[in-house]
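The values are calculated or read from the model by the stated rules, or taken from the named source; none is laboratory data. Keep in mind it's a predicted model, so treat the numbers as computed, not measured. In this analysis, Cβ positions are derived from the backbone assuming ideal geometry, glycine residues included, and neighbour counts consider all displayed protein chains.
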Amino acid sequence: MRENRFIKSISLLLAFIFLFGSAVTAWADEAPIEGEPVEEEITEQAVARLYICYHRQNKLIATGHVFLYVENLSDETLTVGVYDLPPNEGVSLGSFGFTRSDGFGIYYNTESYLYYDDGCEILCLSDELTNEELAVFSHRLLYSNTWDVMFYNCVSFAFMLWNTVAKPFLMPLLFPAFARLQIKQHGGTALSEMFFPPRERVYRLRGTGSGCYLEPVSDKSINK
């Protein structure tokens, strides 16, 4: 009887020592060694800032144009679709139909060239992009080179690409007035400035996917 109690007591003591030793070992494994660098969670740095913008050309709120603007925040040249974007510069991206002479689809730098310092309202939201997010954005851009008045106009184009990589989510309604309302509701502010591109860097995107290339626009497409 006493022997059984003694065996039980020894067993409980050994179990306690085992559990205590396991806890100490686990704590020692997790605790940093003195002089050893502590690993920290790495957050990927933003390389670009994406803007979604509403531009009103006159006093009629029902009219307007919605476009995207990408600003290079890094010290290296970035690729936006098939466009090389140098440091400290930006590029505008918009989908056009009947208002441009070089055909339906995506244009680079048209808004930057035409709307730069024109005194009209440019209301926008912005979000920062990492290298990975910019790559996703560029890939989607190259497969979006189309336009139609009902289902894929400037609003649908800009909102769809914005929602691919940025927040908040915006409902891709067809009318610029609704786009302006959403941007304003989410705290949209005036775009302070855009990079003014030289005339020869205003392009029309041709092709789709890996077959995309840039073609300089005609003078008719950028007449003010």
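Could you check segment 99-132 and list, in sequence order, the residues that are surrounded by 15 or more Cβ atoms within 10 Å (Cβ to Cβ) and free of Cβ contacts under 8 Å to residues at least 60 places away in the same chain?
The one that is surrounded by 15 or more Cβ atoms within 10 Å (Cβ to Cβ) and free of Cβ contacts under 8 Å to residues at least 60 places away in the same chain: Phe104.
Do you know which residues across segment 141-173 are in contact with a Ser or Thr (Cβ under 7 Å, 6 or more places away or on another chain) and surrounded by fewer than 15 Cβ atoms within 10 Å (Cβ to Cβ)?
Correct list: Tyr143 only.
Out of all the residues in segment 81-103, is one or more hydroxyl-bearing (Ser, Thr, Tyr) and assigned to a helix (DSSP H, G or I)?
There is no residue in segment 81-103 that is hydroxyl-bearing (Ser, Thr, Tyr) and assigned to a helix (DSSP H, G or I).
Name the one entry in Asn109, Asn153, Asn131 that is of a type in the set (S, T, N, Q) and modelled with pLDDT under 95.
Selected residue: Asn153, the only one of Asn109, Asn153, Asn131 that is of a type in the set (S, T, N, Q) and modelled with pLDDT under 95.
Give segment 174-185 a look and list any residue that's surrounded by 13 or more Cβ atoms within 10 Å (Cβ to Cβ) and over 16 Å from the mean Cα position of the chain (by Cα), or say none.
Answer for segment 174-185, where residues must be surrounded by 13 or more Cβ atoms within 10 Å (Cβ to Cβ) and over 16 Å from the mean Cα position of the chain (by Cα): Leu174, Phe175, Pro176, Ala177, Phe178, Ala179, Arg180, Leu181, Gln182, Lys184.
Kindly evaluate Pro172 against the criterion of being in contact with a His (Cβ under 6 Å, 6 or more places away or on another chain) and in contact (Cβ under 8 Å) with a residue 12 or more places away in the chain. Step through it out loud before you land on a result.
On the way: in contact with a His (Cβ under 6 Å, 6 or more places away or on another chain): no; in contact (Cβ under 8 Å) with a residue 12 or more places away in the chain: yes.
No.
Taking the conditions exactly as written (under 18 Å from Tyr54 (Cα atoms) and within 12 Å of the chain's Cα centre (by Cα)), does Ala166 satisfy them or not?
So Ala166 passes the test.
Scan segment 55-71 and tell me whether some residue there is within 19 Å of the chain's Cα centre (by Cα), surrounded by fewer than 16 Cβ atoms within 10 Å (Cβ to Cβ) and either at pLDDT 95 or above or not in a strand (DSSP E or B) (or both).
For segment 55-71, residues within 19 Å of the chain's Cα centre (by Cα), surrounded by fewer than 16 Cβ atoms within 10 Å (Cβ to Cβ) and either at pLDDT 95 or above or not in a strand (DSSP E or B) (or both): absent.
For a quick check of your reading: which strands (runs of 3 or more DSSP E) sit entirely within segment 120-221 and have at least 2 residues that are assigned by TED's automatic domain parsing to the domain that holds Ser101 and over 26 Å from Ser101 (Cβ atoms)?
Output list reads 121-130.
Of the conditions (1) within 15 Å of Tyr108 (Cα to Cα); (2) modelled with pLDDT under 95, Arg180 satisfies every one except a single condition; which number is it?
Looking at each condition in turn, Arg180 falls short on (1).
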